[in-house]
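Below is one structure; the comments refer to it alone.
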Amino acid sequence: MALPEADVQEFGTLQGHRVEVETWGRIFWRRFRRNRAALAGCAILLFLIVISVGAPWIAPHDRDFADLTKVERPPSSEHPLGTDQIGRDNLTRLFWAGRITLMVSVVAVAISISLGTILGALAGYAGGWLDTVIMRIADIILAFPALVLLVVLASIIPASVPSHYGTMAVIGFVSWPVVARLVRGEFLSLREREFVEAGRAMGAATRRMMFRHMLPNAVAPLVVAATLGVANAILTESALSFLGLGVRPPLPSWGNMLTDAVTWRVLALKPWLWIPPGILIFVSVMAINLVGDGLRDALDPRLKT
Amino acid sequence: MTTYIARRLLQSVPILLGITVLTFLLAKAMPGDPFSTLLSPGVTQTDLERLRGLAGLKAPLHVQYLRWLSNLVQGNFGMSISHNQPVATVIADRIAPTVALGIGSLIIGLLFGILFGVISAVRKYTLVDAVFTVGALAGISAPTFFVGLLAIKYLSITLGWFPSSNLVTPGLSAPFPYNYLDVAHHLVLPTLVLGAATIGGMMRFVRSGLLDVLSQDYVRTARSKGLNERVVVYRHALRNALIPVVTILGLSLPNVVGGAIITEQVFSIPGMGRMSFLAVLSRDYPLIMATTVLFAVLTVAGNLLADVAYAWVDPRIRYD
């Protein structure tokens, strides 16, 4: 069978015949590449990451400089998105807000994935009472509606902790049970496979068994969960910040730039203040969802192509 | 089936207990207590300490927890500090708008979600499908508060079709429930906003479920028997595709009561969500603890309902 050259790694020779192999990485990339929506999402995401990471350098003005002579000006050539309630440049705040929102979301997901993977792997592999205890705790946390739990937790954070760190921790803490359940499910089914039995028969230590052998096989749904988790975290963080419980002023976040929009003054008369952050939240979440869906479809073992 | 239900009920007991413990600990972890803000010239620290002792705040933690728990199971939810009314009254006064909002948005989500999902699955790979799929993704990607604000700005302020906030028009003299038309008029926008988010999720679910079912062998059999495509889809395939939707309904039960914090905040609706949010802000501990436990218990009940309904509806599942 002749495979296209670009997707094939030469594996070597076996009795004089060339052996050609298509690795998992190539298969995944080929399938992902064909999903135009996912690629568009990637492009948008890249653009957002660039302006977020580059915010300190590409922002036209200083983030916190409040020029009280220029309060709530409409967009002009000097301030392309106008100025906010105390005279700060809105476009600069938008870039910095993106930086903070994305950072909080990514770190929150990192926390939830780390916690969830460790606890879920332990529960799935060890079984018995450890499994029961961990899953009961996960069930208890999952029994609370997310926003209610977040609101309560966010009010517990002491005022001395910078609000963005607190928000990361809180969102990460509320999200780990979902990841733990996912990983536990994967480990429960992996535990029955032959390679696990073989490893244990050869005397592999539990930690080595879990991390070196089982975890790489559970990575695919984890990657999808992480990507979609970032989208969810962005929505959650902006909701919390909108309510005043997430990232707090003077730190800008796309969510807290919309807090004042509940007043008629800002809502009706100054749309340049709140519409751009809202649109950016929407665009970034949509892009990440597109990429996540694309990843899920490309990594799905059931599809034949 | 009854053994399954009994077993699940028994399993929920430790979870319910855990919920109460966690709620109690969270409330205790919040900085400040009801007396720390009673600062006036004549009040000294010793007076505050004495008040705390009288209110039972000096007792050891587990004693306070057990006292609260025994009151809770007897139906005594305590006295709300910020409202100066029994907690039960506060909740009862505010639950109606939230339930109306929740059920309304659930119905919209179900109706249009299933409709669009079916259309999208049946016309797969066409423009209609692409539009609906992108629309659904947009629906779940848009933050609810942003959509709500946009709705207020364009549908209420610019077009003037709907009122922008609150539950009733001030000055309208008819008491509840005779002002139901006015209330309904006020609830249209929030319900639409909340429903839009539900439609997106439901539509994707129904679409993927229906696509799975449509590729099954028995559907091929039905088609090869010469059955009308409509009959195949609506009478045979859809029923099976809707089984997971039953689960979703059960899981949406807690959201009906507790899920609208943001929408209620944006539209200033005096419902459960807004009340629990304000309670957290004002450190009204009895109210916070009661509403949190209420939401969590509803979630557990919703999960149980979803599982039982799933087992009942799907004849392939045996839970013995």
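Results, tabulated for the structure shown:
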quantity: Gyration tensor (alpha-carbon) shape descriptor, segment B:121-273, a/c threshold 1.5; calculated: prolate
quantity: Per-pair calculated FRET efficiency, R0 = 41 Å: residue A:129 and residue B:159 via Cβ, rounded to 0.05; calculated: 0.10
quantity: 27 Å Cα-Cα reach of residue B:58 towards lysines, excluding residues that sit fewer than 8 places from it in its own chain; calculated: B:28
quantity: For residue B:268, residues with placed amide H under 5 Å, excluding near neighbours; calculated: B:166
quantity: Global form of the protein assembly as shown, assessed from the alpha-carbon gyration tensor, a/c cut-off 1.5; calculated: rounded
quantity: Charged-residue dipole, Cβ positions (Lys, Arg, Asp, Glu), the protein assembly as shown about Cα centre, Debye nearest 20; calculated: 1040 debye
quantity: Computed lengthening from residue B:268 to residue B:178, 0.36 nm per intervening residue step minus Cα-Cα distance; calculated: 30.3 nm
quantity: Chain A: most fluctuating residue of A:212, A:73, A:181 per GNM, C-alpha cutoff 10 Å; calculated: A:212
quantity: Under-5 Å amide H pairs with residue B:79, H placed in peptide plane, nonlocal only; calculated: B:87
quantity: Calculated from backbone phi, Karplus (6.51, -1.76, 1.60) coupling profile of segment B:156-172 in Hz, x at Gly/Pro; calculated: 9, 7, 6, 8, x, 6, 10, x, 8, 7, 6, 9, 9, 7, x, x, 6
quantity: Residue-by-residue Karplus 3J(HN,Hα) for segment A:250-267, coefficients 6.51, -1.76, 1.60, Hz, glycine and proline x; calculated: x, 5, x, 8, 4, x, 6, 6, 9, 4, 6, 6, 6, 7, 4, 4, 6, 4
quantity: Computed label-point distance, nm, for sites residue A:66 and residue B:281 using a 7 Å Cα→Cβ extension; calculated: 2.0 nm
quantity: Coordinate range along principal axes, alpha carbons of segment A:47-191, Å, largest first; calculated: 67, 32, 23
quantity: Inter-label distance, nm, simple model (7 Å from Cα along the C-beta direction), residue B:64/residue A:188; calculated: 3.8 nm
quantity: Mean Cα-pair separation over length for chain B, i.e. relative contact order, pairs under 8 Å, 6 or more apart, %; calculated: 27 percent
quantity: Rounded if a/c under 1.5, otherwise prolate or oblate - segment B:212-283, Cα gyration tensor axes; calculated: prolate
quantity: Gain in span if fully extended, residue B:234 to residue B:79, counting 0.36 nm per residue against the direct Cα distance; calculated: 50.5 nm
quantity: Candidates A:259, A:23, A:101: whichever shows maximal mean-square fluctuation once chain A is modelled as a Gaussian network with Cα springs under 10 Å; calculated: A:23
quantity: Residue of B:130, B:260, B:197 that the Gaussian network model of chain B assigns the largest fluctuation, springs spanning Cα pairs under 10 Å; calculated: B:130
quantity: Fully extended contour minus Cα-Cα distance, from residue A:78 to residue A:33, at 0.36 nm per residue; calculated: 12.1 nm
quantity: In order through segment A:59-75: 3J(HN,Hα) via Karplus (6.51 cos²θ - 1.76 cosθ + 1.60), integer Hz, x for Gly, Pro; calculated: 5, x, 10, 7, 5, 9, 6, 9, 9, 6, 7, 10, 6, 6, 7, x, x
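Read the figures in this text as sums done on the coordinates, not as results from a lab. Since this is a predicted model, take the numbers as computed values, not measurements. Backbone-built Cβ (ideal geometry, glycine too); neighbour counts: all protein chains shown.
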